[in-house]
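Everything on this sheet refers to the single structure shown next.
The values are calculated or read from the model by the stated rules, or taken from the named source; none is laboratory data. Keep in mind the model is a prediction, meaning the values are calculated, not measured. Heads up, the Cβs are rebuilt from the backbone with ideal geometry, glycines too, and the neighbour counts pull from every protein chain shown. Side chains are part of the model used for accessible areas, which takes the heavy atoms of the whole protein and leaves out ligands, DNA and RNA. Shrake-Rupley method; radii C 1.70, N 1.55, O 1.52, S 1.80 Å.
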Amino acid sequence: RGMSAAIPAGRPSWSMKHLHRLIVTSSAYRMGSTPDAANAAIDRDNKYLWRYPPHRLEAEAVRDSIFYVAGKLDPKMGGPDIDYPLGLTMPRRSLYFRHAAEKEMEFLSIFDSASVNECYERKQSIVPQQALALINSELTLKHARMLARAIASKTNGDATAFANSAFLHVLSRQPTASEMTECVTFLQEQTRRLQESKTPGSAGLTPDGSLPAPDAGLRARENLVHVLMNHHEFVTIR
């Protein structure tokens, strides 16, 4: 009834397009997530929607974001469905992969993809496997390396410029002063540690990011980008 009353005269009684417009132009939808001590004292649980509740990206968006920040996501639309085991290597968007009983991409399942056993209902959980998936997955490692190398080629060894660009690419913001100090210090110390330990890298740069860089300084930059891809802000909507 509320929907019908909100539709201007002359329009059909049901319109998804109008419903979407009504939602995205509402004051509740456009609320920021910025906390406010006065409002929190009155409505700690946000019952009256005075702020936008931060929440994690949907599973498909987490996967697609990894490809996207590295500049590798394929924006092509349409086509047949894709076999789910290719999900960690083929850069098509997640919606084009098969998602059915016994045909689920493990990476998406870990981040609470739509449940095939519950009418594709989505539930949200916070479990250790999610952090481990971002840390250990070849998907994240490879794309962190590719992004680090792309940024490094434009910053000419400048640690400050590299850290600033990495934050913008991965977290869509500039680092704070303390974060910048931490990043520059990390790059210096990690480079030294890799040089002293003589940890083996690849013989040369692999275009697909499958192996770490042979140069200790570049490998430290790959490590930093990998850390940022594991930052909670990378998978959080605010």
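Go through segment 76-113 and give me each residue that's farther than 27 Å from PRO53 by Cβ and under 16 Å from the mean Cα position of the chain (by Cα).
Across segment 76-113, the qualifying residues are GLY87, LEU88, PRO91, ARG92.
Out of everything in segment 109-154 that is acidic (Asp, Glu) and either loosely packed, with under 11 Cβ neighbours inside 10 Å or assigned to a helix (DSSP H, G or I) (or both), what residue ends up being modelled with the lowest pLDDT?
Ranking the candidates gives GLU118 first.
Tally up the residues in segment 190-210 that are farther than 21 Å from VAL235 by Cβ and open to solvent by less than 80 Å² (accessible area, probe 1.4 Å), please.
Summing the residues that are farther than 21 Å from VAL235 by Cβ and open to solvent by less than 80 Å² (accessible area, probe 1.4 Å) in segment 190-210 gives 11.
In segment 32-44, which residues are more than 26 Å from the chain's Cα centre (by Cα) and either of a type in the set (Gly, Ala, Ser) or open to solvent by 50 Å² or more (accessible area, probe 1.4 Å) (or both)?
ASP36, ALA37, ALA38, ASN39, ALA40, ALA41, ILE42, ARG44
Conditions (1) farther than 30 Å from HIS55 by Cβ; (2) in contact with a Phe, Trp or Tyr (Cβ under 8 Å, 6 or more places away or on another chain), marked per residue:
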site: SER115; (1), (2): no, no
site: ASN136; (1), (2): no, no
site: LEU147; (1), (2): no, no
site: GLU179; (1), (2): no, yes
site: GLU182; (1), (2): no, no
site: LEU187; (1), (2): yes, yes
site: LEU205; (1), (2): yes, no
site: ASP208; (1), (2): yes, no
site: LEU211; (1), (2): yes, no
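Could you please find all residues in segment 155-182 being surrounded by 22 or more Cβ atoms within 10 Å (Cβ to Cβ) and either among the hydroxyl-bearing types (Ser, Thr, Tyr) or under 17 Å from LYS72 (Cα atoms) (or both)?
ALA166, VAL170 - these are the residues of segment 155-182 that are surrounded by 22 or more Cβ atoms within 10 Å (Cβ to Cβ) and either among the hydroxyl-bearing types (Ser, Thr, Tyr) or under 17 Å from LYS72 (Cα atoms) (or both).
Residue check: is LYS76 modelled with pLDDT of 90 or more, within 30 Å of HIS169 (Cβ to Cβ), open to solvent by 90 Å² or more (accessible area, probe 1.4 Å) and in contact with a Pro (Cβ under 9 Å, 6 or more places away or on another chain)?
Answer is no for this residue.
Can you tell me which residue within segment 211-237, out of those that are in contact with a His (Cβ under 9 Å, 6 or more places away or on another chain) and at pLDDT below 95, is least open to solvent (accessible area, probe 1.4 Å)?
Here the residue is THR236.
How about segment 27-47: which of its residues are more than 18 Å from THR236 (Cβ to Cβ), modelled with pLDDT of 90 or more and not in a helix (DSSP H, G or I)?
Answer for segment 27-47, where residues must be more than 18 Å from THR236 (Cβ to Cβ), modelled with pLDDT of 90 or more and not in a helix (DSSP H, G or I): ASP36, ASP43, ARG44, ASP45, LYS47.
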